[in-house]
Every structure is written in structure tokens, then in C-alpha cells.
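Visitor: Shown below is the structure under consideration.
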């Protein structure tokens, strides 16, 4: 289906009509039909470096050009060598020009990239990757979020997943954010490295993980066992819920074991992104020394 090119002065993607329902809009985002604005230095540079990312237009402010110009030139040259059709147009603009294309208050650092959402693998493709069962390559962890709706939190979890070497992040298709500029900014480039899977039925996805040899470990402040005392084995699904409601009943029942992260008064709980970071360090950072990349 052909698309109308965005006006050069604003560079906005095709607007969504007022009659379009949210479910249809989510479907278009999931299909990669609708381009989104990515912004921030780490986010944009990692997107340009990702050969799977289809890029259309790059807005570059003067300060960012001075600081990141050589790196950006190199990445654009690499894209041109691979496929000239995948080289975005480069527009030198002011910071104000960039801000007009982004949500109010977006911290863009002089860089914005109009690009298509990434085509994500399905769960079975992720499980078919090397070392899934963790028998010979150390522990493998997949992070699972149960209806965590804040894109800032999901992006921060993606960043921790990349930092400590988690295999993928799974969320629900409903009650979870699609790929967006704010999510990608919070992920600080991690979205280009960690598969972000959205599934229709989380309990069924956990059963698929179990069939593949994963233990499903849920985090809950009410659990009797501390995470450091758990021995979940080499392949693990780390399951976290929303801050206000925690894990839903069916999700909790699908977990093989529940554990908690001990905290000291007056703090009785961590938000989901901080809890994910602490748990991933416990599960992966310690055994790999520095939380190096996943095998």
C-alpha cells in the first residue's frame, strides 16, 4: 500500500484518522506499516547501525552534527553499501525543528529518526536460537512482563535485559506499549538488540517456555523464598507484574516458583524496572562477572 510522503517542513508520519479504533492502530504498528519517530543519541545511532531497521528520514541538529557527525557518516555509508534504498534522507535542522515532530518535552539531544518499527521474531524462533536450554553455555534468561503498561518502564527493562544478556523480552499484546519513541528512548538503544515479543496469551507463552525446558520464576513481594536462595536451573523465564496489581492469578499459577527481592525499611518494594535490573544482576551478572553479552 502506497504512503503519502511526510511534509518536508515537519516530517510527520501519515496521521491516524479519528474513526480508527485502537485495536486497528495497534495492528498497524505491529505490522510495521506506520513509521515512528525515534530520538536521542544512543537510540538513533543504534537504530542506524541495525541493518534490520528500515529508516526513512534523519533530522540532525548542529550540536549533534558536531559531536556525532563522523559516526553518523560512517553508519550511513555502511547502509549505502548494503542497500542504497535503505539510506534515510539527511536533513540538517534546528533543535526547534526536531522538537516540533516529537512529543512535548522529548529529550532528543539534536537527533531524530523516522523509521519503521522492527519486525520481531516469534517466540518459537527465539527458542530455536543457540543455547536455549543453557546446558553448555551457562544460564539463559527470558524476561516476561505481565501487563506492564508504562513505556518508560518497559524501555528501562529492555535496557537492563541488554546490559545483563537476557535473550528476549515478552509482553502481552494488550495492556502493554507498542514500540514507540518514548519506549526506545528509555531503552537507550537496547531495542535494537533484544527481541521485543508481544503475545496474545501470556499463560500459553509460559507453557511454551516450559516445554522448551525453561523454569518460570515469578517475582512477588509476598513470596517466602528470596531470589538469591532460588535454584531455577540453566534456562529461566523471569516473570514480573505491574507495580499496582502484581502478577495476575493465571500468570502466578503458571510459574514454577515464586521469589522475592528483599528490601530494607522504609522501602518495601521496587518499581518493575528496578526489580528487573536487580533480578537480572542476581541471575546473570554474578555468574558472568560483569553482565557480559549473552552467548
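Visitor: Any chance you could count how many residues in the range 138-176 are out of contact with any strand residue (DSSP E or B) (no Cβ under 8 Å at 6 or more places or on another chain), within 19 Å of residue 118 (Cα to Cα) and not in a helix (DSSP H, G or I)?
Guide: Within the range 138-176, residues that are out of contact with any strand residue (DSSP E or B) (no Cβ under 8 Å at 6 or more places or on another chain), within 19 Å of residue 118 (Cα to Cα) and not in a helix (DSSP H, G or I) number 1.
Visitor: Taking the options 184, 166, name whichever one is closer than 16 Å to residue 277 by Cβ and either under 9 Å from the mean Cα position of the chain (by Cα) or crowded, with 21+ Cβ neighbours inside 10 Å (or both).
Guide: Working: 184 fails: closer than 16 Å to residue 277 by Cβ.
Going through 184, 166 in turn, the sole match is 166.
Visitor: Same structure, new question: Which numbered condition in (1) at pLDDT below 95; (2) assigned to a helix (DSSP H, G or I) is the only one that residue 11 fails?
Guide: (2)
Visitor: Please verify whether residue 210 is assigned to a helix (DSSP H, G or I), under 23 Å from residue 122 (Cβ atoms) and outside the structural domain of residue 47 (by TED's automatic domain parsing), treating the condition exactly as stated.
Guide: When the stated conditions are applied, residue 210 passes them.
Visitor: Taking residue 127 and the conditions (1) out of contact with any helix residue (DSSP H, G or I) (no Cβ under 6 Å at 6 or more places or on another chain); (2) touching a residue at least 24 places away in the same chain (Cβ under 8 Å); (3) outside the structural domain of residue 206 (by TED's automatic domain parsing), which numbered condition does it fall short on, given that it satisfies the others?
Guide: So the condition that residue 127 fails would be (3).
Visitor: Is it fair to say residue 241 is touching a residue at least 12 places away in the same chain (Cβ under 8 Å) and surrounded by fewer than 19 Cβ atoms within 10 Å (Cβ to Cβ)?
Guide: Working: touching a residue at least 12 places away in the same chain (Cβ under 8 Å): yes; surrounded by fewer than 19 Cβ atoms within 10 Å (Cβ to Cβ): no.
Judged against the criteria, residue 241 is not a match.
Visitor: Still on this structure, please answer the following. Would you please name the residue that is surrounded by the most Cβ atoms within 10 Å (Cβ to Cβ), looking only at residues in the range 145-156 that are within 19 Å of residue 205 (Cα to Cα) and in contact with a helix residue (DSSP H, G or I) (Cβ under 7 Å, 6 or more places away or on another chain)?
Guide: 154
The values are calculated or read from the model by the stated rules, or taken from the named source; none is laboratory data. Please read these numbers as outputs of a predicted model, since none were measured by experiment. Note: ideal-geometry Cβ built from the backbone for every residue, glycine included; neighbour counts use all protein chains shown.
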